[in-house]
Amino acid sequence: MDRPNKPSAISPSGTGPQPSVHSERGRVVASLPTGDSVEILLYGATVISWKANGRENLWVSEAAKLDGNKPVRGGVPIVFPCFGPPPKDHATGSLSQHGFARNSTWEYLGKSTSESEGKLASGGDDSIKLDFGLSSSQLTEDNKKAWGYDFALVYSVTLKRDGLQTMLSVRNQGEKAFEFQMLLHTYFRIDDISKVAINGLGSTTYVDKVLDATTHTQSSPSLTITGEIDRVYSGIKQDTTSITQDGKPRLDVTRDGISDSVVWNPWIQKAKGMGDFEPKDGYKNMVCVEVGAVDGWQKLEAGETFEGGMIVKSHA
Ligand SMILES: O=P(O)(O)OC[C@H]1O[C@@H](O)[C@H](O)[C@@H](O)[C@@H]1O
């Protein structure tokens, strides 16, 4: 597949400390001179850590499998090409829940750095972009059989001094059109779910998977979580969904090229039922605000490319 960025050493610029990228044993770690960092497993191209302002922003279960045996319970698993259990009568019908992207091993395609307008006082680069690829040829024989399309995914993770950007590009390299869904299933780390509110989803319609799997409209501009929640919001007008803690801004999640979001927290019983969810009261410290295209299907004709992702800002 095409390599958007050839792996190369980061060239020094300015005199201050430089960003660093380190790749070994199936993971890639990048850091900025500010101390902000991101860590990505090649397994699933799963972002398992993003630190900004000295604080970890992602929740990863203490029992998460990081050895490639099971999708990671936490961080940012990538859902593709189907969301949830696929409908049996669809081309994705033989795939497992959430598809194969989160449990396939991706290729590290390389890094690039750039200096944005607000350059660091040190004079160093202030963003690092890491690219990962997964194409049909890298799938297991079972997955190839279950979804026999010729595709190429490029997932770009950019660590900036003011946030984290993740972008998934899906290209149809074959001759047949295909349909897919995608979602960045982000587990955000929060201090206390009882003090969290999610804003920016007011007046949006959602399917409530806990209640009755039918469509509702959110009346309140602010959503608080007091029990299990699994809602699929679609066609969201506002680009940004923000998470506040104790009434103060904590994380801003901005959708880029996509307009759906899932809000999920398993709460007490579902957390107990998941072998890889630890500690069991960890549901108090996480909330999934997931961005994607999951309402119906995205159709890609031969040669077409789709792009969708998010920009997340963490408040100090
Ligand atoms: O346990 P999994 O496969 O990682 O899925 C976790 C959750 O992922 C969410 O995106 C779904 O809306 C939930 O229904 C699902 O339970």
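Here, each number is a calculation from the coordinates, and none is a lab measurement. For clarity, every value in this text was computed on a predicted model and none was experimentally measured. Reconstructed Cβ throughout: ideal geometry from the backbone, glycine too, with neighbour counts over all protein chains shown.
Residue-wise test of (1) touching a residue at least 60 places away in the same chain (Cβ under 8 Å); (2) of a type in the set (F, W, Y); (3) surrounded by 19 or more Cβ atoms within 10 Å (Cβ to Cβ); (4) within 16 Å of the ligand (Cβ to nearest atom).
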| residue | (1), (2), (3), (4) |
| --- | --- |
| D36 | yes, no, yes, no |
| A64 | yes, no, yes, yes |
| A91 | yes, no, yes, no |
| E107 | yes, no, no, no |
| D126 | yes, no, yes, no |
| S136 | no, no, no, no |
| K145 | no, no, no, no |
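Anything in the range 213-229 that is within 16 Å of the ligand (Cβ to nearest atom) and loosely packed, with under 13 Cβ neighbours inside 10 Å? List them, or say none.
Of everything in the range 213-229, those that are within 16 Å of the ligand (Cβ to nearest atom) and loosely packed, with under 13 Cβ neighbours inside 10 Å turn out to be A213, T214, T215, G227.
If I filter the range 67-89 down to residues being in contact with a helix residue (DSSP H, G or I) (Cβ under 6 Å, 6 or more places away or on another chain) and within 11 Å of the ligand (Cβ to nearest atom), which single residue comes out as nearest to E290 (Cα to Cα)?
Step one: list which residues in the range 67-89 are in contact with a helix residue (DSSP H, G or I) (Cβ under 6 Å, 6 or more places away or on another chain), which gives 71, 77-78, 80.
Next, only the ones that are within 11 Å of the ligand (Cβ to nearest atom) stay: 71, 77.
Working: P71: 16, P77: 10 Å.
Ranking the candidates gives P77 first.
Given the structure, is L95 out of contact with any strand residue (DSSP E or B) (no Cβ under 9 Å at 6 or more places or on another chain) and buried (at least 19 other Cβ atoms within 10 Å of the Cβ)?
In short, yes.
Where in the range 230-293 are there strands (runs of 3 or more DSSP E), lying fully within it, with 3 or more residues that are in contact (Cβ under 8 Å) with a residue 60 or more places away in the chain and within 16 Å of the ligand (Cβ to nearest atom)?
Answer list for the range 230-293: 260-265.
Within the range 281-303, which residues are surrounded by 13 or more Cβ atoms within 10 Å (Cβ to Cβ) and of a type in the set (D, E, K, R)?
K284, E290, D295
Of the conditions (1) surrounded by 14 or more Cβ atoms within 10 Å (Cβ to Cβ); (2) in contact with a helix residue (DSSP H, G or I) (Cβ under 9 Å, 6 or more places away or on another chain), T254 clears all except one; give me its number.
(2)
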